[in-house]
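Participant: Supplied in structure tokens, the structure appears directly below.
Where a number appears in this text, it was derived from the coordinates with a stated rule and is not lab data. Fair warning: this is a prediction, and the values are worked out from it, not measured in the lab. Here the Cβ positions follow ideal geometry from the backbone for every residue, glycine too, while neighbour counts run over all protein chains shown.
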Amino acid sequence: MKKTKFLSALIFLGFSIISFGQTADELKKELSSKKDSIAKLQSKADAIQKQINALHGWRKGAFGTIGASFSGFNNWYSRNAPNASAGNIGITVNGFANLIEDKFFWRNSGGINLGWVKLDDKAIVGDEDFETATDVFTITSLYGRRLDKKWAVSALAEYRTTLIDNFNNPGFLDFGVGFTWTPTERLVVVIHPGNYNFVFSKGNADFESSPGAKLVADYTATYHKLNVKSNLSVFTSYNDSNLSNWNWTNSFSYNLWKSLGLGFEFGLRNNKQEALNNALITDTTATFGTIDNKIQNYWLFGVSYAF
């Protein structure tokens, strides 16, 4: 009797294992089938989105990133300041509003990057507030009259400054005319040999406006859940190479859940006039030939939100 029960238990266990194996294989096949179906649906959705992008009219969008970190130390004797708190906050917003028609286009975009940092040593009075770390504001407007599907005669206005500290001091306004090349919906290349770079400043700041050539390359795209925007803006002065400048900003956001995700932005800039103005704060004898014009940069990583 005991042997019969034991054999029955073994047979039942064997069937259970076989049944579980078959069930797992079936589930794997079903999962693979579902993934194929999702891929096909995504492909159809991408095709429909391309058709929507090809339609005329207004196209608008925006996404931003918020990054923040806070820390505190109490009686942490391995530090020079054992009692201190620190904080870092950064915000970026990138948006666009484009009007696309058969005979013309009007493309508008703007970007803001603001950051604050604080290191509060409890033994020192007066360092409790946040200080500005990053301060970038850019807005552009491009109008083009089409010559064909890819080329247009165009006019561009681009303004760059800071918002928190020294608003419009300096402020750079480029205005020029030339041609715009749009090989795809994602890429816009502006080639303006007739451009004037207006520089606004106050007080004893040493800045100079000049005529020159303007080149802008802007790439904006969405790959499923990934949003990408890259903008390169170059001004070459006809008067003096020391008055030339360039800016390159790159923004990425990846949606994880609904409109929330992770965002990353970094920017590079080379502007010898800004470098000289900064050097004159501590050295009144500084000149273009004596300063070390290093490439400026900033970056931010944090939580992103797609509007």
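Participant: Rounded to the nearest 0.05, what FRET efficiency do Asn83 and Ile281 give with R0 = 25 Å and r taken as the Cβ-Cβ distance? Could you check?
Facilitator: So the FRET efficiency works out to roughly 0.20.
Participant: Which order do Lys60, Lys214 fall in if you start with the one that has the fewest other Cβ atoms within 10 Å?
Facilitator: Ordered from fewest to most neighbouring Cβ atoms within 10 Å, Lys60, Lys214 come out as Lys60, Lys214.
Participant: Can you list the chymotrypsin sites (Phe, Trp or Tyr not before Pro) in the range 153-206 that are in a DSSP coil and have 14 or fewer other beta carbons within 10 angstrom?
Facilitator: Sparse-neighbourhood loop chymotrypsin sites (Phe, Trp or Tyr not before Pro): Phe167.
Participant: Okay, moving on. Defining a contact as two alpha carbons under 8 Å apart and six or more residues distant in sequence, what relative contact order in percent does the range 127-258 show?
Facilitator: Dividing the mean separation by the residue count of the range 127-258 yields 15 percent.
Participant: Out of the range 99-195, which trypsin sites (Lys or Arg not before Pro) are coil in DSSP terms and have no more than 10 other C-beta atoms within 10 Å?
Facilitator: Hits after loop and neighbour filter: Lys103, Lys149.
Participant: Just the Cα atoms of the range 58-306, one point each, no solvent: what log10 I(q)/I(0) does Debye give at q = 0.07, 0.08, 0.16 Å⁻¹?
Facilitator: -0.30, -0.39, -1.22
Participant: While we're looking at this one, here's another question. Which distance in nm do the two modelled labels at Phe200 and Ile164 give, with both placed 7 Å along the Cα-to-Cβ direction?
Facilitator: Calculated label separation equals 2.1 nm.
Participant: Please compute the Cα-Cα pair-distance distribution of the range 250-307 with 5 Å bins starting at 0, giving whole percents from short to long.
Facilitator: Each 5 Å bin holds this share of Cα pairs: 4, 17, 18, 11, 9, 9, 9, 9, 7, 4, 1, 0.
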